[in-house]
Amino acid sequence: MKWLLGGVAVLVALALVLAGGAYVVLKRPDLPYAELATTYESPASRYVDLPNGVRMHYRDEGRPAGSPTLLLIHGFSASLHTWEPWVARLGDTYRIVSIDLPGHGLTAAPENYDASIEAFRDEVQAFTTAIGLERFALAGNSMGGNVSWEYALAHPEQVEALILVDASGWQETRASVEGDPPIFRLLRDPNIGPALRDLDMSGLVRQGLQASFADAALVDDAMVSRYTDLARAPGHRDILLQITLGFRERNYATPERLAPLANMPVLILHGDTDRLVPLEHGRQFQSAISGSEIVVFDATGHVPQEERADASARAVSEFLYRVHEGPALAAAN
């Protein structure tokens, strides 16, 4: 019996050593912002220091200041790069400003930054003040859509039109989220998530991205590298983990909360096969916001601005044309 117990102890010890070795092999250090900038900046990249210590990365593209402006907010773990297809298609008509939220892209946040939808909303407000944006159309995808409708509720005097792209914010009504990509289920676990924080997540990131598209073939190595690299900027993994662990702790959308948006032009865009934010949620926004419009894209996942770039940009262009030209035509008549 002693021999058996001794053998088990050896096996357990060996397993721990192997696990520890695997952890060392898989551990990935932070990447300095300067190193990331050499790959992920563009000639349009700008930075602005905000009052609470955030150094926000943004791009100001398309038409010059003074033109009708479209402000774009990306989703969870993404970056302003997700909007490049819209910039290419809408930049001849609009001034397009895209930002990286704290914990994302090339935006640096102070140590121990307290991340939440409300905190991100307030950073957007500080950003618009800092660069002098007074009136604009606001579009957000996924978590960025949640930030956008919260911003529109808090600052309706600034938002001339609101565009929600597969936006989140409704309480999850599915019996479970077991169908979500493994990376989200693992990071939401309070025991597993922190243990995975510093490890190589490229395989799981690839699975998560493939689940975001109806056509998984659109996910290439460059996209996976961009997501994994930018997540390794100093402090980003802590912020991303905060958000995932707080998955069910938010001020959810309700018809009562959204009712004031009936006074604002609102366009809802949604992919019909979105696995992350179901189409049901897009229809809930339409039902709750009187006068809102919805466009549903066939065979499309969570990021129609990338997967259906032409069709989604066309829908935005037609919507904003009505927003800007409608009052002028009415006055002329």
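Percent of alpha carbon pairs in segment 33-332 separated by more than 28 Å?
Looking at segment 33-332, the distances longer than 28 Å represent 33 percent of pairs.
For D198 and S45, calculate 0.36 nm times their separation in residues minus their Cα-Cα distance, and state this gained length in nm to one decimal.
52.3 nm
If each of A126 and E318 carries a label point 7 Å out from its Cα toward its Cβ, how far apart are those two points in nm?
4.0
Under a crude label model (7 Å from the Cα following the beta-carbon direction), how far is E172 from N112 in nanometres?
Result: 3.0 nm between the two label points.
Listing D92, D198 from the residue with the fewest other Cβ atoms within 10 Å to the one with the most, what is the order?
D92, D198
By its C-alpha gyration tensor, with a ≥ b ≥ c as the square roots of the eigenvalues, how is segment 257-304 shaped: rounded for a/c under 1.5, else prolate for a/b larger than b/c, else oblate?
Prolate is the answer for segment 257-304, as a/c is 1.5 or above and a/b outweighs b/c.
Calculate, in nm to one decimal, what A65 and D220 gain on full extension: separation in residues at 0.36 nm each, minus their alpha carbon distance.
52.3 nm
Relative contact order (percent) for segment 33-332, with alpha-carbon contacts under 8 angstrom and 6 or more residues of separation?
18
Please give the contour-minus-distance gain from A309 to T38: 0.36 nm per residue of separation, less the Cα-Cα distance, rounded to one decimal in nm.
Full extension from A309 to T38 adds 94.9 nm.
We did not get these values from a lab; they are worked out from the coordinates using the rules stated. Fair warning: this is a prediction, and the values are worked out from it, not measured in the lab. In this analysis, Cβ positions are derived from the backbone assuming ideal geometry, glycine residues included, and neighbour counts consider all displayed protein chains.
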